[in-house]
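A.B. asks: Quick one: the structure is below, and I'll ask about it shortly.
The values are calculated or read from the model by the stated rules, or taken from the named source; none is laboratory data. Everything numeric in this text was worked out from a predicted model, so none of it was measured. Note: ideal-geometry Cβ built from the backbone for every residue, glycine included; neighbour counts use all protein chains shown.
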C-alpha cells in the first residue's frame, strides 16, 4: 500500500562510542509522499545519502502515479513505452502475489481506489453505473508483460503499486548499501522496515510496532521486535478512512479487488516479517482483504512469513494472534 497503514516506529539505540572507524550515520528525507529514516555503520562516517536519494528518485520516476512523466503514468495513459527494469520487477512480483492470494492483492485496483477517493485521481461520479464500469477494468489476469511491454486487455485498465512500492524501495536501498559493502543498517520508508547486522551498540536492531489506534498514544507499542536480516511491513484501516457525508459511516482505504468495495473486517491490523520487504508489504495488504482465518490458513503453507494479527472479537474487544516465528523475535508484547 503505500499509504502508511500501520506505522512502524523505529527504536534506535544510542550511538555510543566505538574504537572502530565504523560510525553510525543517519540519513533522513522525504519520498513517495512520506518520510524515510536510514541508519548504517559506515567507515569514517562516510554518508551515502546522495546515492540513496538517487535510488529513491529512480523509483519515483518508475512508479509514482503523481508524476506525469513516470513509467506507470505513461502506461496508465496507454502511451507506447518500454518499461524499465524496476517496473518489471515490481509488476512480476505483484502478479505472482495476486495469483497466490486469488486476487486479494491486485495491482490493477487503481480505478476503484480512485472511485472511493483514496487514489491519485478523484472520480466525482459516484453511481452504480460508474462503479460497474470501473469494476470491469479490474483484474490482474487482464495484464501481462510481453517483450518488456505491458499488455492490457482493456485500455481503461490502470495500475497502482501503492501497496508494494514502498516495500520494494526498502529492498532496493538495501541492495544499494550492500553493493557499497555496508553490512549493518536499518532502513525505514513510510513505516516499512528492513534491518541487517548490528546497531552502534553491537546489538540487533529493535523495531516497534504500533497499536492500531487512530492517534499515537504514549504506550504506543503493541510489540517490539529484534530483527536479524529481516523486514517488517504492516497494514491497517484505523488511521486512513473516509466518512460518508450522507450516512456518516466510515469506510476504509483498503479496497477489496473482488467486491470492488472498501474492506469490512474485524481485522484491525497485520504486521508481517519476511526477508523481502516488498513481499511483506504486498501480503499485508492481501491479508487485510482476506481476513483473519483465511490469512492463517494461507500461512500454514509458508515458512518464510511470520505474522501478527490484531482483531476484534464478538464483544469488540481487541485480540491478538501471532505465529510462533513472530513470537520468537518479539522482545516486548503489550499483552
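A.B. asks: Filter region 104-140 down to the residues that are under 18 Å from the mean Cα position of the chain (by Cα), buried (at least 20 other Cβ atoms within 10 Å of the Cβ) and assigned to a loop (DSSP other than H, G, I, E, B) and list them by number.
C.D. replies: 104, 105, 106, 107, 108, 109, 118, 119
A.B. asks: Look through region 245-262, keep the residues that are part of a loop (DSSP other than H, G, I, E, B) and modelled with pLDDT of 90 or more, and return whichever of them is surrounded by the most Cβ atoms within 10 Å (Cβ to Cβ).
C.D. replies: Among those residues, the one meeting the criterion is 257.
A.B. asks: Please count how many residues of region 296-306 are farther than 20 Å from residue 103 by Cα and crowded, with 19+ Cβ neighbours inside 10 Å.
C.D. replies: Count: 1.
A.B. asks: Answer yes or no: is there a residue in region 178-185 that is out of contact with any strand residue (DSSP E or B) (no Cβ under 8 Å at 6 or more places or on another chain), modelled with pLDDT of 95 or more, over 26 Å from residue 68 (Cβ atoms) and assigned to a loop (DSSP other than H, G, I, E, B).
C.D. replies: Checking region 178-185: at least one residue is out of contact with any strand residue (DSSP E or B) (no Cβ under 8 Å at 6 or more places or on another chain), modelled with pLDDT of 95 or more, over 26 Å from residue 68 (Cβ atoms) and assigned to a loop (DSSP other than H, G, I, E, B).
A.B. asks: Check region 48-56 and report whether any residue there is assigned to a loop (DSSP other than H, G, I, E, B), surrounded by 14 or more Cβ atoms within 10 Å (Cβ to Cβ) and at pLDDT 95 or above.
C.D. replies: The answer is yes, given that some residue of region 48-56 is assigned to a loop (DSSP other than H, G, I, E, B), surrounded by 14 or more Cβ atoms within 10 Å (Cβ to Cβ) and at pLDDT 95 or above.
A.B. asks: Which residue is nearest to the chain's Cα centre (by Cα), if the candidates are limited to region 38-47 and must be at negative phi and assigned to a loop (DSSP other than H, G, I, E, B)?
C.D. replies: 47
A.B. asks: Yes or no: region 155-166 includes at least one residue that is surrounded by 13 or more Cβ atoms within 10 Å (Cβ to Cβ) and without any contact (Cβ under 8 Å) to a residue 24 or more places away in the chain.
C.D. replies: Within region 155-166 (the criterion being surrounded by 13 or more Cβ atoms within 10 Å (Cβ to Cβ) and without any contact (Cβ under 8 Å) to a residue 24 or more places away in the chain), the answer is no, since none of the residues qualifies.
A.B. asks: For region 275-295, name all the residues that are crowded, with 24+ Cβ neighbours inside 10 Å and closer than 11 Å to residue 194 by Cα.
C.D. replies: Listed by number, the residues that qualify are 277, 278, 280.
A.B. asks: Could you list all residues from region 187-204 that are touching a strand residue (DSSP E or B) at 6+ places or on another chain (Cβ under 8 Å), surrounded by fewer than 24 Cβ atoms within 10 Å (Cβ to Cβ) and within 16 Å of residue 42 (Cβ to Cβ)?
C.D. replies: 196, 197, 198, 199, 200
A.B. asks: Do you know which of the residues in region 61-89 that are touching a strand residue (DSSP E or B) at 6+ places or on another chain (Cβ under 7 Å) and assigned to a helix (DSSP H, G or I) is nearest to residue 158 (Cα to Cα)?
C.D. replies: 75
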